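The values are calculated or read from the model by the stated rules, or taken from the named source; none is laboratory data. All values reported here derive from a predicted model rather than from experimental measurement. Here Cβ is always computed from backbone atoms with ideal geometry, including for glycine, and neighbour counts include all displayed protein chains. Remember, those area values only see protein heavy atoms, side chains included, never the ligands or the DNA or RNA. Shrake-Rupley method; radii C 1.70, N 1.55, O 1.52, S 1.80 Å.
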Amino acid sequence: MRVTQRVLPTGPYDEALRQGDFAVTLDGDCQNVVNPLLDGTKYPAHSVSDANYGNYDDPTEIELYNRMLREADFARQRDLMRQFEKWCSITEAHEIFLLWRYRIVPYRSYVKGFRISPSHYINQDLATIWLDK
């Protein structure tokens, strides 16, 4: 396999995504932790979601996604979300979700009171941080 990796600044990178100027791309998926349905916006076909840059169409996926969004019963919605995830990542595998989080926050030795959290979204209380200098 011959691969050419292009590292682009944000503007040209986003433009390349929008134009489909890639064979494989790496993109972050961290829009919303409160509502998992909103985190799924990168997975429905591009005709449904501008956040999907795969440029494919999948009527079954779209139908599952729309049912999931409109389901009022939380337990049923969760079941539909699992079906949607399985369809997107296993059955059809248009996209692959890779989780590689090992959160590292480097700071100076004189920064005190900082407690690292397992998430980028929670426990970001800067009121406990002080400088011992």
message: Cβ-Cβ distance below 8 Å, separation of 6 or more or different chains: which pairs start in the range 49-69 with a residue that is closer than 16 Å to ALA93 by Cβ and end on one that is open to solvent by 50 Å² or more (accessible area, probe 1.4 Å) and among the small types (Gly, Ala, Ser)?
response: ASP57/SER47
- line: Here the residues within the range 52-75 that are among the acidic types (Asp, Glu) and under 19 Å from the mean Cα position of the chain (by Cα) are GLU61
message: Residue pairs, Cβ under 6 Å, 6 or more apart or interchain, first in the range 112-130 and in a loop (DSSP other than H, G, I, E, B), second of a type in the set (S, T, N, Q) and at pLDDT below 70. List them.
response: SER117/ASN123
message: Name the single residue that is most open to solvent (accessible area, probe 1.4 Å) among those in the range 41-85 being within 21 Å of THR25 (Cα to Cα) and part of a helix (DSSP H, G or I).
response: GLU85
query: When the range 12-23 is examined, which residues are found to be within 19 Å of the chain's Cα centre (by Cα) and not in a loop (DSSP other than H, G, I, E, B)?
result: TYR13, ASP14, GLU15, ALA16, LEU17, ARG18
